[in-house]
């Protein structure tokens, strides 16, 4: 019994159980109340009828006295003297048919006697104090008198209270018993399976993306009712969702991998800021003017002779190793590689992100390029040599076209840098006047004099001679 009560109390922790139990209990109480109210009313009438039976005894005594030729007054006096202290009769009064008081004793009754028919019995209940008055008709006294009797009705209230409490207790006991039975039935047929299904749903939410699904308790119950259909549908839904999520994860992983490859490829071809801008403005030309940037061109000396010494595949692999080393230097100095043209290498400083020391960064790269190229040797054992030209000036940089994107530079400053390289000195770094003005405080240069630059005419150029002596 204790375990049964413990199980029932534990079941009430469920909100659905509490709602169902509350509705069942209240419904039983309402039904019992509907039955109880008429019963209480009948009980009240029965109590008043019992009081009237006592009143009838007074009526019979008066009638008997009058039949024995006693006056009504003498009869009332005899009744008063014989009336016990614990009697429910508290008083009586004798009236004429017109309402004139003849004689009264005790606590006289107070009733309205007007328009009272000769056969009518009039009754009236008083609450404070609890009194019940009855007027017997004149027909009972040969139309000569009316007899009014007052009763103590306090016992009626006490009896009705005891009756109401006993009925209410019985209602509560019946409702509690039926409710307990309802709880037990609900626990087995509905609530516990629903709680198991709830736990399985929570477990499904946590395990839907796992490789190994959990064991669902609700699916292990072989039920043939609607709840069994719900659990079966839940199992099917879980399998379908899990399968779709697995396929989506595979597709997302493949898509992310492809996207990462595309991102790496795009950022390898274009500067990061340009790549981001290009993704947002597809199909539009992207071009920006920079008032000052430093451009470097480097060229392998005697590349034609080198091509004759190496098979094409080996030549390409050699160029890849050399230019990859140059790419590493460019990354170290945060410079932007523009392109390679055959054996020529082009890099720029000061864009796409402005750099106040772009000329010094480009010069530092040029010096490292001269050192790195010495680590590569030709088949004849001779080291490679470079011609390097550097110029500073305004340029326009951007991406044009809709296919095979590349970040490129345009402007006279680019052409001058290319001419400085092509008309440079083997294994030397030649700079323009504009670049010299940026670097003269940090590096030593020797003037090469006036050099005729194709497309620009005579220009003063300088050759790097070493670090600046301070």
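Filtering region 373-384 for residues that are at pLDDT 90 or above, outside any loop (DSSP other than H, G, I, E, B), farther than 27 Å from residue 450 by Cα and more than 58 Å from the chain's Cα centre (by Cα) leaves a non-empty set. Residue 54 satisfies every condition listed in (1) surrounded by 13 or more Cβ atoms within 10 Å (Cβ to Cβ); (2) under 60 Å from the mean Cα position of the chain (by Cα) except (2).
At pLDDT 75 or above, over 16 Å from residue 165 (Cα atoms) and within 60 Å of the chain's Cα centre (by Cα): is that true of residue 26 in this structure? First the steps, then the outcome.
Numbers: at pLDDT 75 or above: yes; over 16 Å from residue 165 (Cα atoms): yes; within 60 Å of the chain's Cα centre (by Cα): yes.
Taking the combined requirement at face value, the residue satisfies it.
Take the conditions (1) surrounded by 13 or more Cβ atoms within 10 Å (Cβ to Cβ); (2) in a helix (DSSP H, G or I); residue 70 misses just one of them, which is (2).
Only one entry in 366, 325, 307 is surrounded by 18 or more Cβ atoms within 10 Å (Cβ to Cβ) and part of a helix (DSSP H, G or I), namely 366.
Reported count of residues in region 391-413, each being more than 19 Å from residue 352 (Cβ to Cβ) and either part of a loop (DSSP other than H, G, I, E, B) or touching a helix residue (DSSP H, G or I) at 6+ places or on another chain (Cβ under 8 Å) (or both), is 3.
Within region 338-363, the set of residues being more than 20 Å from residue 437 (Cβ to Cβ) and surrounded by fewer than 19 Cβ atoms within 10 Å (Cβ to Cβ) comprises 339, 340, 341, 342, 344, 353. Taken over region 108-136, the criterion of being outside any strand (DSSP E or B) and closer than 18 Å to residue 57 by Cβ is satisfied by 109, 121.
The values are calculated or read from the model by the stated rules, or taken from the named source; none is laboratory data. It should be emphasised that the depicted structure is a prediction, and the values quoted were computed from it without experimental measurement. Cβ sites come from the backbone with ideal geometry, for glycine too, and all protein chains shown count toward neighbours.
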